[in-house]
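Asker: Quick one: this structure, given as structure tokens, is what I'll be asking you about.
Throughout, read-outs are computed from the coordinates displayed, never taken from laboratory work. Treat the numbers as computed from the prediction; the structure is a model and nothing was measured. So basically every Cβ, Gly included, is an ideal-geometry build from the backbone, and we count neighbours across all protein chains shown.
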Amino acid sequence: MNKQQFLASAGLQVQTLEVWLEHQWLIPDQTSTEMTFSDADVARAHLIRDLKSDFGVNDEGIDVILHLVDQLHGLRRAFRQLHSDMQQPSR
């Protein structure tokens, strides 16, 4: 989705998105003409917004939490790949 679609889906203002991009809390794909966002980016934006507004987490806390979430997703991918590799018949 393009930037405008993302802003509508995530319920964000342009200024907020710019700050979050600067913090690298969101890293959209970049084409030659525009940024493109995924559904995962929308979910991440909702998480950030909820952490800030509902739980009062500060920027440093957001950095830590997002780093941990990224590590968790990386481990899940690695375990999924390991499981898949183990299911392959031996040659």
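Asker: Looking at Gly74, Gly61, which one is farther than 30 Å from Gln4 by Cβ and loosely packed, with under 15 Cβ neighbours inside 10 Å?
Answerer: Answer to the selection: Gly74.
Asker: Sticking with this one: Which residue out of Asp50, Asp54, Asp85 is over 13 Å from the mean Cα position of the chain (by Cα), free of Cβ contacts under 8 Å to residues at least 12 places away in the same chain, within 28 Å of Gln5 (Cα to Cα) and surrounded by fewer than 10 Cβ atoms within 10 Å (Cβ to Cβ)?
Answerer: Residue meeting the stated conditions: Asp54.
Asker: Only one of Ser9, Ser90 is loosely packed, with under 10 Cβ neighbours inside 10 Å and small (Gly, Ala, Ser). Can you tell me which?
Answerer: Only one candidate qualifies: Ser90.
Asker: Can you find, within region 20-44, the residue that is farthest from the chain's Cα centre (by Cα) among those that are surrounded by 13 or more Cβ atoms within 10 Å (Cβ to Cβ) and β-branched (Val, Ile, Thr)?
Answerer: Of everything passing the filter in region 20-44, Thr36 is farthest from the chain's Cα centre (by Cα).
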